[in-house]
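S.K.: The structure is given below, and queries will be raised subsequently.
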Amino acid sequence: MTIARQATCVAICGRGVLIEGAPGSGKSSLALALIDRGAVLVGDDGIMINNSDGRLIASPHPNIIGKLEVRNVGLVDMPVSPPVAAGLVIHLDPDAPRFIDKAEAVTIAGVALPLVRLFPDSPVLALRAEIALQTFGLMIS
C-alpha cells in the first residue's frame, strides 16, 4: 500500500534521504543544497512511500512531481529521480545533540530506518547530511 508522507526526499548515489522537520525548518533548502552537490530530487514537501519487501521505497507525489520550493523565488522545476529505497531519515532539529554514537531508529510504513537529527542553521548542512548518510545510512542492495 502506497501512502503520502509530508517530507522532502533526495536520492544520493542510489539511496533515498528523507528530510523531515517543522515547517520553515529548511527541508527544501537542504534538498536544494544537496541537489547542488549531485543529489536528485525525489519530492519536496510530499512524497509517496511504500514497504516493498522490507525496504521503504520513496517516489514523487503525483500532484507536485518535479517541483521544489526555493524560498524567496517560488516553485522551480527540477529533474526527478525514479523511486528509490530510503537509507536514512534526517530530522532538522534546532535542539539536535552535538555528538551521537549511533543513529536513532524510526519506523515508517513498517520499515525501521536510522534517523539523525541535524541542527538546521549551518553553512555546511549539506555536507553534514552526506556524512550522516555515509556513517549511519542503510546500505541498499
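S.K.: Using 0.36 nm times the number of residues separating ASP93 and ASN72, minus their current alpha carbon distance, what extension gain do you get?
M.R.: So the chain would gain 5.3 nm between ASP93 and ASN72.
S.K.: What is the Cα coordinate range of the chain on the first, second and third principal axes, sorted by size from largest, in whole angstrom?
M.R.: Between the extreme Cα coordinates on each principal axis of the chain lie 38, 38, 25 Å.
S.K.: Continuing with this model, one more query. Based on the Cβ-Cβ distance of ASN51 and LYS102, what FRET efficiency does E = 1/(1 + (r/R0)^6) give at R0 = 22 Å, to the nearest 0.05?
M.R.: The pair ASN51/LYS102 has a calculated efficiency of 0.40.
S.K.: Want the number for VAL80 to CYS13: 0.36 nm per residue separation, take away the alpha-carbon distance, what's left? Write down the numbers at each step before the final one.
M.R.: Values: separation 67, 0.36 × 67 = 24.12 nm, distance 1.38 nm.
Length gained between VAL80 and CYS13: 22.7 nm.
S.K.: Computed over the Cα atoms of the range 13-55, what is the convex hull's projected area averaged over all directions, in nm²?
M.R.: Its Cα hull, projected and averaged over all orientations, spans 3.5 nm².
S.K.: Once amide H atoms are placed 1.01 Å from N in the peptide plane, what residues at a sequence separation of 5 or more from LEU56, or on another chain, have their amide H within under 5 Å of its amide H?
M.R.: The answer is ALA86.
No lab work stands behind these numbers, since they all come straight from the coordinates. If you're wondering where the values come from, they're calculated on a predicted model, not measured in any experiment. Note that each Cβ is placed from the backbone with ideal geometry, even for glycine, and that neighbours are counted across all protein chains shown.
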